[in-house]
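One structure is given below, encoded as structure tokens.
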Amino acid sequence: MKHINIALFLLFVISASGQKALKPNQFEGYTISFDGVRTDGIIEIADINQPWDFQEKVKFFDKSLLAHSRIKREDKIVVTPGEIVEYGINGKRYVHVHYYVKSKGEDNIFKSTLGKIKDEKITDFFAEVYKDGKISWMKFYLPPTISEEDEDSEETMKEYIETSLATYEILVSKEGEKPKSLEDINVGDFFSDCELIGKKYSEGKYKMKPNKSIKKI
């Protein structure tokens, strides 16, 4: 009788904690839609080793589905940048940005404009917020163009990942303006509404100009 009671107790514990453990690419988190509705649940990233996947290859599903033996593909909702303006996991926030990623050779406004006309590029992403305020700072990992051959090469994919982690862009934004790369802003114009910064900038008191090395600071 004692053994039966123990077995029943163990069966109860197992059934009560029937939820499956999260996979390495799944996290408890939330989404916020464009109309301000917050929904808590499970965020799934396509590949957590690829930093650009946090920016566009994101899915969401209800936490209750973890109790099922199998979560169907159709039960997972694609987290679309723009429809969703923010998602969060592990204390980090990712917000929607409308940002044009320049191709090689697009080193000026004219070429960039031609690129937008010729190619229908993806321009809606999520970017990781690491400094929030009236002026927000975000990390944006440049998504590489990956071929099928690249995907089959572990060494090539490793190089893509290392390059992306080392050469991410810093985006800055303020209310009413689209995010811009730190390298593309005119400091005097961007901070024109702050007399203190404007005055210091005009007097040459900021010795370091925006460029790639600023990320090292």
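FYI, it's all coordinate maths here, none of it is from the lab. Quick caveat, the model's predicted, so the values are computed rather than measured. Reconstructed Cβ throughout: ideal geometry from the backbone, glycine too, with neighbour counts over all protein chains shown.
Normalised by the number of residues in the stretch 124-213, the average gap of Cα pairs under 8 Å and 6 or more apart makes the relative contact order 22 percent.
So if R0 is 22 Å, what FRET efficiency would K174 and E56 give, r being the distance between their Cβ atoms, rounded to the nearest 0.05? Calculated transfer efficiency: 0.40.
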